[in-house]
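Working notes, structure below.
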Amino acid sequence: MEDLKGRHLLSLQQYNKGEMMLIFETATALQAIMARGVPFKPLQGKTLGMLFNKNSTRTRVSFEVAIYQLGGHGLYLGGQELQLARGESIADTAHVLSRYLDAIMIRTYSQAEVEELAANAGIPVINGLTDQFHPCQALADFYTIYQKKGKLEGLKLAFVGDGNNNVTHSLLLGAAKLGVNIHVAAPEGYEPEAEILALARQEAENSGCSVVLGTDPVEAVTGADAVYTDVRTSMGKEGEAKERRHTLAPYQVNSTLMAAAKPDALFLHCLPAHRGEEVTDAVMDGPNSAVFDQAENRLHIHKAVLGLLIRGKELLEAMAPLLGDRKLPRVAG
Ligand code: CP
Ligand code: NVA
């Protein structure tokens, strides 16, 4: 039996469908325990270091609140304030932080930096966003779809906009593993990285779903169960903002585009949104929008991830007596 204790979460590439479903079921069970008002502090005495080299609202707040509500402590580490900014190596930083902390969440530019941190850390390292991946976001996104639609397999997710960013890459890997058909519509030059697209296509063959890349937003959205977009200019790409605004203009998610999706299609966005650019107010604030539930789900997913990566099966055992008739999440085989 697999146990997530001690595992890193660097990208969804290292997680299979059973492990993702375990995270979802654990998130739901933790919410049920909290709703009953029973004190449950499985991470008492545990500290999460949260290292940020980029801005954040949701990731910072939801991770800090998640560990606090589970009895632990979240420690904000501004990248510019650490000795890292004065040349201390990533490896030395990893060795030292591993002597104090129980897990590290890092948001930075380079995926290679996160991988180097993990390779030298004796504690779980969680990717809170790099230029290439945003795995915690994608977990919260699929959890939101699962909650709202009651299933994942066989659904169609349309992504419209910048296909070459962290969110699209993580959605591609997650969808392919979870059996969600994914159709990305992006302009030429904004396609997902070829290697990630190839990996997703390989995974989709195993799960029996489709991974489609095109340039036509209407084609992508037609018949979709969920429509997703992200900002035109991701953090770190500000120098390309003008060109991106121009090229990505036909990829706005507005009411006309949403009309091509199923009538009950969800509208999703990782946020922050630039209203009036990639999405209109009418869609963001419309009846199909799930963006704020999606943001809330970051909190529930982070609780499950922290609990499972820090305590593994012990977390599930501690939850069992508090769940009453509810089924205990199963450890993925
Ligand atoms: N979606 C997301 O990661 O938001 P923040 O940048 O505010 O953390
Ligand atoms: N693609 C966006 C996601 C923000 C949560 C960015 O990297 O800025």
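The values are calculated or read from the model by the stated rules, or taken from the named source; none is laboratory data. This structure is a prediction, so every number in the text was calculated from the model and none was measured. No Cβ is skipped: glycine too gets one built from the backbone with ideal geometry, and neighbour counts run over all protein chains shown. Remember, those area values only see protein heavy atoms, side chains included, never the ligands or the DNA or RNA. Shrake-Rupley method; radii C 1.70, N 1.55, O 1.52, S 1.80 Å.
A few comments on the model shown:
- Close contacts from region 214-237, counting a first residue that is touching a residue at least 12 places away in the same chain (Cβ under 8 Å) and a second that is more than 16 Å from ligand 1 (Cβ to nearest atom) and among the aromatic types (Phe, Trp, Tyr), with Cβ to Cβ under 9 Å and a gap of 6+ residues or different chains, come to Pro217/Tyr251; Thr229/Tyr251; Arg232/Tyr251.
- When residues of region 231-252 are limited to those that are of a type outside the set (Val, Ile, Thr) and part of a loop (DSSP other than H, G, I, E, B), the one nearest to ligand 1 (Cβ to nearest atom): Met235
- Scanning region 253-262 for residues that are part of a loop (DSSP other than H, G, I, E, B) and either within 12 Å of ligand 2 (Cβ to nearest atom) or more than 11 Å from Glu277 (Cα to Cα) (or both) yields Ala259, Ala260, Ala261, Lys262.
- The listed residue being more than 23 Å from the chain's Cα centre (by Cα) and of a type in the set (Asp, Glu), out of Glu219, Glu238, Glu277: Glu219
- Selected residue (criterion: farthest from Val184 (Cα to Cα)) from residues of region 262-289 that are out of contact with any strand residue (DSSP E or B) (no Cβ under 8 Å at 6 or more places or on another chain) and of a type in the set (D, E, K, R): Asp285
- Single condition Glu205 does not satisfy, out of (1) out of contact with any His (no Cβ under 8 Å at 6 or more places or on another chain); (2) in contact (Cβ under 8 Å) with a residue 24 or more places away in the chain; (3) in a helix (DSSP H, G or I): (2)
- Criterion: closer than 23 Å to Glu238 by Cβ and not β-branched (Val, Ile, Thr) - qualifying residue of Ser98, Ser89, Ser110: Ser110
- Filtered by the rule that a residue be outside any loop (DSSP other than H, G, I, E, B) and hydroxyl-bearing (Ser, Thr, Tyr), region 213-230 gives Tyr228, Thr229.
- Checklist (1) hydrophobic (A, V, I, L, M, F, W, C); (2) within 23 Å of Leu308 (Cβ to Cβ); (3) open to solvent by less than 10 Å² (accessible area, probe 1.4 Å); (4) away from ligand 2 (no atom under 16 Å from the Cβ) applied to Leu157, failing item: (2)
- Residue, nearest to ligand 1 (Cβ to nearest atom), within region 140-165, restricted to residues that are touching a strand residue (DSSP E or B) at 6+ places or on another chain (Cβ under 9 Å), farther than 20 Å from Gly208 by Cα and assigned to a helix (DSSP H, G or I): Asp141
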